[in-house]
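What follows draws every value from the coordinates through simple rules; no lab data is involved. Predicted model, so just to flag it, every value in this text is computed and none were measured. All Cβ positions, even for glycine, are placed from backbone atoms using ideal geometry, and neighbour counts span all protein chains on display.
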């Protein structure tokens, strides 16, 4: 740890000050964008939607307050105050109106909101009544679809109420040709268009919209240049004055023109990142392979003697802080699925190039160090691993993991590249993948992946199957037979498959309704201008302009379904230890007076996460039943549906809406997260859990799988701890796992484990030569260990 | 023992197989704990390892009070008034109570397993051994107390190409060592005290066997690390630690010593077995004291770590 400690100590006072400025304020709702877009839309009633969107962005970028925060070197704000949030009434707003009074009082993700802001928003919202994406989407949905959503089978909430986001644009292109280059490209495309083409009119409108927004982006930057010069004039401190003048020069040149230095490239990058998030509030705007497209600028400056590594690192650290200045207000229900102000700006290092050569460079290490320095949640840092990843990079990543931030997340090239190739992505593009948001792989700058299309509760479908298609006595799915009538386990599985078939078809209806509505009401010309083939096709992303199109809904509850299937198979059908009738009645009553039966379900049937083929194969099959249904379908952008198996934190609210399940889980208890075993039921250590998880088919879940591992810091101590962590990652990937992240368990967690031992039954602690399950220890010994943990970090 | 004589059906009593062990030999390892030990160290953190035969452990916390055990016991050995629940004099170890105890309050310590069964379990982490430079560690109890089984198991590990470690008290015979050592890559040898009087008093046996066997192991050329459980008031004085380090150094093949600080992690298990914890009242050594001892060991020319590797 000595090395990283030295580096942490070397964080510049500037960075400390920037972080302090960020964290000392409570995030606030701001009305400026909502007011401006509403004004613009009132002025453009007669125009085509794509032009209206472009003009709205133009107005926002020309009129919103520009702020240069104290000591910052990379500029571009989304809100006047740090970590504030703008409002996007065009997607949905009624929920916000209803929650004005509780935003500052709720338990998580608190936002302040002033009376003036409320008043301005109320006025703006009036215009949008009946005009939002949300209201249109609702009209497109079948009544049955709305009923299934109401019953908690799935939610399409994210895109139903918000922008889509979940994209990575061609940042390198903006850096290399500037928005002037993009304007020229759009002009050229216009010039060569055949006016007799039936699509000409639409195409021409789109290209006009692209030109409007590109010019608006340049205007926005120029406003920062003016602001910097104005501040420089009154600045007493000559050091800061020079910095402000340097900022002014940068903003006068980029993003209009090609970046000439590392610093300009960073500034250009940030304008792209910021403006995308002013055009739409879709989160998970992911920088992806930052080490790849930034390295040439860094290398050129270093060889030319224009910058030192230390200075470059400080600029990088500044940018890292900036990533945390972006925020988003969500409705209270959603904060349970997306808790902790997450923005999911995923930035990934390492892996291989499009040519299949190892891509690790100095910038890969510098990105890891920036996270080590800033210790902030954004960007969501990830690392690609393949057989040729150098140990040095993996060990560096391990050092960052050991800080307990849960980052970086590790991804396997050996699974993701073939998985994407299996979805029609070319080999070169697949090798050049990055990660969107949580865990979703795609080729950046070419894909509209709609990666966070839905959360689908597979455990709920299991519950509905046991209840012959009913929820609380109401028939919402097909009748597939009473639970007591099944003669064999296979009959039950068939019933489960039929219910799945039905509810997935409703899920598709929901997603496609929302998809179509975004295309009709909120096409995004600025975002589209930086994704291939939009300019060439003359089509926005929302209408199918991207080269690759997907929709990715997530299955939640993999381990609960696997464990439940195993319990039914073994205890009801194989051993006949409990009758279907008795089990059904125990589930109906949430095991009231049936604790012994619940213990039997918990401890006499195998559980996913212990490297037991019997149950692992059922978990695999349960997940496949969902995945195979999903991949049958096509979206309105003519792209394929591709399943994912990750929950963000939706496993918690989805569990709250699911009755008792045959795995012994009580009503309302959270479902397992991602593809991880149910909390506390993986009792055979991390390698057994890893082996179980790797038995799932991660290739078919090409929208991403998520595997969380918890560790006590002592398991990663010292040099050998880093090597063991690296070996664990490589071993999981040898076995075709897709993603893993490590939660190095902190003192706080251990204290929580004392209070809630059931949640932490699998937590292994290591104190000098001997391991034990933490919760199996006496409190006084637990206290010893908690006290000692602090020595370790 | 040549591998062509490998007897996959040889049986032994195993009380635990612990995967992802990272402190008992290099890399990621699986630990196989063999039941039975000639010593009775009062600080023992695995009391269920001491007796060779199977035992029942009662974990009171898990009991939901369903009384199924009471109804199935054919010999009337279940007593709800006893904190340890089982009357050992009546219990025939038939295991019927354990079968119906869904909540996991009643558990067996020790199961008879064949070499083949154990190897199948060990194979599951093959990829981790390969990636981390890890392997298998036999621990106990005293693994060499089941010499035939241990030998067969080690031969099986070698047939799979795994790195093997034994963690031993040194209480065995030269004959056993000579049979087993060719199948071992690393020996972790426990040395508890250099003073034979104290050794006899606390552990119940003279340390002469340990010292003699240490030289046998050194003579075989197999890599060896000496481990000292640091028990406050018993062996944590500077004189003993120095003389242990000097002895280890004198063996010629040892260049590393591990100081394992006393801990009470096994205390709960004494309750499960209905036994008294013999070391009540002793607190783990302070970090400062451990660091001091570490410096002392290093001054004797050995590498030293606190805790296993």
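Here are some notes:
- Antiparallel DSSP beta bridges within the protein assembly as shown, as percent of all bridges there, nearest 5: 35 percent
- FRET E, pair residue B:111, residue A:142, Förster distance 51 Å, beta-carbon r, rounded to 0.05: 0.35
- Relative to the longest principal axis of the Cα atoms of chain A, the long axis of helix A:613-630 lies at roughly 50 degrees.
- Angle in degrees between helix B:238-250 and the longest Cα principal axis of chain B, rounded to the nearest 10: 70 degrees
- Distance between the modelled labels on residue A:362 and residue A:603, one decimal in nanometres: 6.0 nm (7 Å Cα→Cβ projection).
- Pairwise FRET efficiency - residue A:697 versus residue A:131, Cβ, R0 = 30 Å, nearest 0.05: 0.10
- Contour minus Cα-Cα distance for residue B:61 and residue B:195 (0.36 nm per residue): 44.1 nm
- Temperature 4 °C, viscosity 1.567 mPa s: under these conditions the Stokes-Einstein estimate for the stretch A:98-146, based on its Kirkwood radius over C-alpha pairs, is 98 µm² per second.
- Using the Cβ-Cβ distance between residue B:92 and residue B:173 with R0 set to 45 Å, the FRET efficiency from 1/(1 + (r/R0)^6) comes to roughly 0.85.
- Nearest-ten-degree value, helix A:49-63 long axis tilted from longest Cα axis of chain A: 70 degrees
- Taking every alpha-carbon pair under 8 Å whose residues sit at least 6 apart, chain A reaches a relative contact order of 14 percent.
- Summarising the label geometry, the points placed 7 Å from Cα in the beta-carbon direction at residue A:233 and residue A:479 lie 8.1 nm from one another.
- Zone of residue A:176's modelled label, taken as backbone nitrogen in the stretch A:498-540 under 18 Å from a point 7 Å along Cα→Cβ: A:529-536
- Label positions at residue A:649 and residue A:487, each projected 7 Å from the Cα along the C-beta direction, are separated by 4.9 nm.
- Rounded, prolate or oblate (a/c below 1.5 giving rounded, otherwise prolate when a/b exceeds b/c) for the stretch B:172-273 by Cα gyration tensor: prolate
- Annotation: extensible slack from residue A:758 through residue A:70 equals 243.0 nm (criterion: 0.36 nm per residue apart, minus Cα-Cα distance).
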